[in-house]
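Before any comments, here is the structure.
The values are calculated or read from the model by the stated rules, or taken from the named source; none is laboratory data. Computed from a prediction, not measured in an experiment: that's the story for all the values here. Positions of Cβ are backbone-derived with ideal geometry, glycine not excepted, and every protein chain shown enters the neighbour counts. All accessible areas refer to the heavy atoms of the entire protein, side chains included, with ligands and DNA or RNA removed. Shrake-Rupley method; radii C 1.70, N 1.55, O 1.52, S 1.80 Å.
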Amino acid sequence: MTGGQVRELEALAGRFSQMFGALASNVERVIRGKREKVELALVCLLSEGHLLVEDVPGVGKTTLARAISASVEAKWARIQFTPDLLPSDITGVSIFNQGANAFEFHPGPIFANLVVADEINRGSPKTQSALLEVMEERRVTVEGTPHPVPRPFMVMATQNPVDMDGTYPLPEAQLDRFLMRISMGYPDHRSEVAVLAGAPSGAAIEQLPVVVGAADVARMVEFAQRLHVAPPLLDYVVRLVASTREHADLRLGASPRASLALLRAARVRAAAAGRAYLVPEDVKSLAVPVLAHRLIVTPEAELRGRSGADVVGEALATVPTPQAAPAGV
């Protein structure tokens, strides 16, 4: 790579970082004290991935999705999952038009840029499976005809880990399609006081200004995937993921899809930091939210209180960290 190309990438990375920071600050106007979670959600969006949020009600899961969609001039839709929800309620249906003497497809709420799948584990397995194709291939096939969804496209699903009666746990195949899993958590004392103080007149989602357009998001997505990755870092990602497949406390480790997801997200994080190349910290900071939910702990380890996040933490501590060189070196 020539010096001119390196300087061009660095300039674009600086612009990417400015837009990413503006997006995060805009969302923070309604999501107080959760900068890290906001940035993870934006990394997920710009990685063209999907986000699973596991947390108790009332901590801002849906508000986060609405604030992001308002900030990027995107269409958003909310689907409340219930046991009687049908797959066609998500994907849409073909209805016969007597005037045209033909069937016409009427798209469902999945045809939006940002789709909130609220309490996804309350839907039946048949309904949950309706999301599998669209999450992976970004299209819906109805009666043999594919219908692409708009881009950018992200499914942000929520789960309530407290009330588990009448729920259907997501199968491993579907969990693996979520790029990240995060927990919003309660706000700190100062942030919650600020929320109460600004409740009558604080920034409403409807008042949030648009920071970037859909075309800008598409360019950010394309640029992030151009970032240089040194061969030692590629080796590091593979070693990190492979170490989970050999761990004694796991009965299922991370798949190659996890390696691709971690690399894709790390590229966005590097661009958000204003760099045109990756460093090991980009991978380390995203390893737990990207990998932990893909791991299945053995029953014996679960009884000892072990979790997928613990295993990823051990991998980060034991797998040697490489010294990655910047672009053009």
Next item on the list: Report the label-to-label distance for Y186 and N101 in nanometres (one decimal), using points 7 Å from each Cα along the Cα→Cβ vector.
Entry: 6.7
Next item on the list: Would you be so kind as to identify which of H50, S25, A74 lies farthest towards the positive end of the dipole of the chain, taking Lys and Arg as +1 and Asp and Glu as -1 on Cβ and the Cα centre as origin?
Entry: S25
Note to self: Sort 224-231, 176-183, 300-307 by packing, meaning the average of other beta carbons within 10 Å per residue, with the highest value first.
What the structure shows: 176-183, 224-231, 300-307
Next item on the list: Give the carbon-plus-sulfur fraction of the accessible surface of region 225-329 in %, rounded to a whole number; probe 1.4 Å, heavy atoms of protein chains only.
Entry: 56
Margin query: How large a share of the accessible area of region 1-61, in percent, is made up of carbon and sulfur atoms when the probe is 1.4 Å and the other protein chains stay in place?
Written below: 47
Next item on the list: Provide the packing ranking of 240-253, 109-122, 69-82, 206-219, i.e. peptides ordered by the mean count of other C-beta atoms within 10 Å per residue, highest first.
Entry: 109-122, 69-82, 240-253, 206-219
Notebook entry, point to check: A248: net charge of surrounding residues, Cβ under 14 Å, Lys/Arg +1, Asp/Glu -1, itself excluded?
Noted result: -2
Note to self: Which residue, N160, A13, P87, has the largest displacement toward the positive end of the dipole of the chain when charges sit on each Cβ (Lys, Arg +1; Asp, Glu -1)?
What the structure shows: A13
Check: Short version: ³J(HN,Hα) in whole Hz for each residue of region 21-36, in order, from phi by Karplus 6.51 cos²θ - 1.76 cosθ + 1.60 (θ = phi - 60°), x for Gly and Pro, what are they?
Finding: x, 5, 4, 4, 5, 5, 5, 5, 5, 10, 10, 7, x, 10, 4, 4
Item checked: Solvent-accessible area per residue for the chain (1.4 angstrom probe, square angstrom) -> 47
Notebook entry, point to check: Given the chain, what percent of its DSSP beta bridges are antiparallel, to the nearest 5?
Noted result: 40
Check: Quick one: Cα convex hull volume of region 24-122, Å³ per residue?
Finding: 124
Notebook entry, point to check: Given only helices, namely DSSP H runs of n ≥ 4 each adding -39500 (n - 2.57), what is the per-residue ellipticity at 222 nm of the chain, to the nearest 500 deg cm²/dmol?
Noted result: -13500 deg cm²/dmol
Next item on the list: Give the shape of the chain as rounded, prolate or oblate, defined through the alpha-carbon gyration tensor: a ≥ b ≥ c are the square roots of its eigenvalues, a/c under 1.5 means rounded, and otherwise the shape is prolate if a/b is larger than b/c and oblate if not.
Entry: rounded
Next item on the list: Place +1 on the Cβ of every Lys and Arg and -1 on the Cβ of every Asp and Glu in region 225-329, take the dipole about the Cα centre, and give the residue among V290, L263, G305 whose Cα lies farthest towards its positive end.
Entry: L263
Next item on the list: Quick one: give the max-minus-min coordinate of the C-alpha atoms of region 175-329 along each principal axis, largest first, in Å.
Entry: 54, 48, 26
Margin query: Students often check this: by mean Cβ neighbours within 10 Å, which of 187-196, 43-52 ranks highest, and how do the rest follow?
Written below: 43-52, 187-196
